[in-house]
Structures are given as C-alpha cells and as structure tokens.
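Reading through the structure tokens given below for one structure.
Throughout, read-outs are computed from the coordinates displayed, never taken from laboratory work. No experiment lies behind these values; they were computed from the predicted model shown. Note that we place each Cβ from the backbone using ideal geometry, even for glycine, and neighbour counts take in every protein chain shown.
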Amino acid sequence: MKVLVINGPNIARLDIRDSAVYGDLNYQQLKDFVISAGKELGIDVDMRQSDEEAEIIHWLHEAADSALPVIINPAAFTHYSYAIRDAAELVKSPLIEVHLSNPLSREEFRHTSVISGVANGTIGGFGPDSYRLALIALASRIKG
Ligand code: DQA
C-alpha cells in the first residue's frame with residue numbers, strides 16, 4: 001500500500017522552529033521516522049513538503065486521480081486555506097490530518113481547522129508519533 005504524506009509551509013524548517021513546540025527532529029529526521037514507521041506497517045510512504053499552496057493542491061489532485069490515501073499536515077494552511085480544503089475533499093481514499101503540536105492548546109487562531117471537516121480524522125499533539133498513529137489508522141482502515 002502506498003500513502004502520500006503531504007507537509008505544508010515551514011515544516012521543512014523544523015531545525016529552526018521552536019523545539020519546545022515541534023520537538024527536536026529536523027525535517028529529514030522526521031521524514032526518515034515516517035518512512036520507517038510506514039515500512040513496519042507494510043506501507044510505502046511518499047513524503048513531500050511544500051511552502052506553496054498551489055503545489056499542495058496539485059498533489060491532492062494527484063492523490064484523487066490515483067486513489068491514493070493521504071496523510072496531510074497542512075501547517076498554517078490548516079487554519080485558512082479553503083482551496084486546500086476543496087482539493088482535500090476530492091480525495092475519496094482515506095485522508096487524515098496530522099499536527100506535530102496540539103493546535104487546540106495553542107493560540108486561538110490555531111483552534112480552527114478548515115481541513116478537519118473533509119478529513120476522516122485528525123491527530124495532533126504527539127510529535128512525530130502523530131504521523132505514525134495516522135499510518136496505523138490508515139493501515140487498519142484500508143485492510144479492515
Ligand atoms: C502545525 C500546527 C500549525 O498551527 C502550524 O502553523 C504549523 C505546524 C503542527 O504540525 O503542529 O506550521 O501544523
């Protein structure tokens with residue numbers, strides 16, 4: 001099983017973001033962690049990151065066209081991108097929203113997700129394990 005893991009803006013700069021919020025892994029280490037968590041579950045992870053809304057939308061179109069399950073950390077786009085929401089809605093395979101931090105325990109503008117309503121579920125607050133938990137949920141959704 002192949003899964004597309006999409007990361008939004010600034011996730012590639014975990015090396016300089018607040019480690020008290022986002023943890024100690026840099027993006028490459030996060031990517032290695034997610035790929036190896038996928039391997040343990042028999043999932044082939046294709047993990048990508050973009051700072052650009054249009055590129056993320058095109059990747060969601062690709063997932064819709066190829067019937068690929070998606071794990072997405074839309075980063076700040078979570079809170080306001082109706083364009084990413086509309087593209088996520090086109091994905092008919094399972095789509096799970098993830099966050100490294102728990103946005104609900106942070107500033108008020110992070111309490112709104114315009115993506116959650118079109119996701120099968122949302123996992124946040126567990127650092128890299130948020131992605132691993134999403135992979136586990138996907139594995140059982142797709143096999144079960
Ligand atoms: C984030 C949470 C968002 O509020 C923030 O804008 C991010 C990362 C997370 O993974 O915790 O960039 O999606």
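Using only side-chain charges placed at the Cβ, +1 for Lys and Arg and -1 for Asp and Glu, the dipole size of the range 25-144 relative to its Cα centre rounds to 460 debye.
Which shape class applies to the range 21-63: rounded if a/c is under 1.5, otherwise prolate when a/b exceeds b/c and oblate if not, where a ≥ b ≥ c are the square roots of the Cα gyration tensor eigenvalues? Because a/c hits 1.5 or more and a/b fails to exceed b/c, the range 21-63 counts as oblate. A simple spin-label model places pseudo-atoms 7 Å from Cα toward Cβ; at residue 36 and residue 90 they are separated by 3.6 nm.
Please say if the range 1-111 is rounded, prolate or oblate, where rounded means a/c under 1.5 for a ≥ b ≥ c the square roots of the C-alpha gyration tensor eigenvalues, and otherwise the choice is prolate for a/b larger than b/c and oblate otherwise? Oblate. Note on residue 107 and residue 44: their simple-model spin labels are 4.1 nm apart, each label 7 Å out from Cα toward Cβ.
Taking 109, 33, 126 as the candidate residues, the one with maximal mean-square fluctuation in a Gaussian network model of the chain, Cα springs under 10 Å, is 109. Phi angles of the range 121-136 translate, via the Karplus equation with coefficients 6.51, -1.76, 1.60 and θ = phi - 60°, into HN-Hα couplings of x, 10, 10, x, x, 10, x, x, 5, 4, 5, 5, 5, 5, 5, 4 Hz per residue; Gly and Pro are given as x. With springs only between Cα atoms under 10 Å apart, run a GNM on the chain and tell me which of 112, 78, 122 wobbles the most. The residue with the greatest mean-square fluctuation here is 112.
Electrostatic bookkeeping for residue 116 treats Lys and Arg as +1 and Asp and Glu as -1; over the other residues with beta carbon under 15 Å from its beta carbon, the sum is -1. Can you give me the relative contact order of the chain as a percent, contacts being Cα pairs under 8 Å and 6 or more apart? The value is 26 percent. Across 62, 97, 108, mean-square fluctuation computed from a Gaussian network of the chain (C-alpha pairs under 10 Å connected) peaks at 108. Placing a pseudo-label 7 Å from each Cα along the Cα-to-Cβ vector at residue 1 and residue 62 gives an inter-label distance of 2.1 nm. Residue-wise HN-Hα couplings along the range 64-77, as the Karplus relation 6.51 cos²θ - 1.76 cosθ + 1.60 with θ = phi - 60° gives them from phi, are 5, 5, 9, 6, 8, x, 10, 10, 10, 9, x, 6, 5, 4 Hz; Gly and Pro carry x.
The residues 80, 22, 27, 131, when put in order of fewest to most other Cβ atoms within 10 Å, stand as 80, 27, 22, 131.
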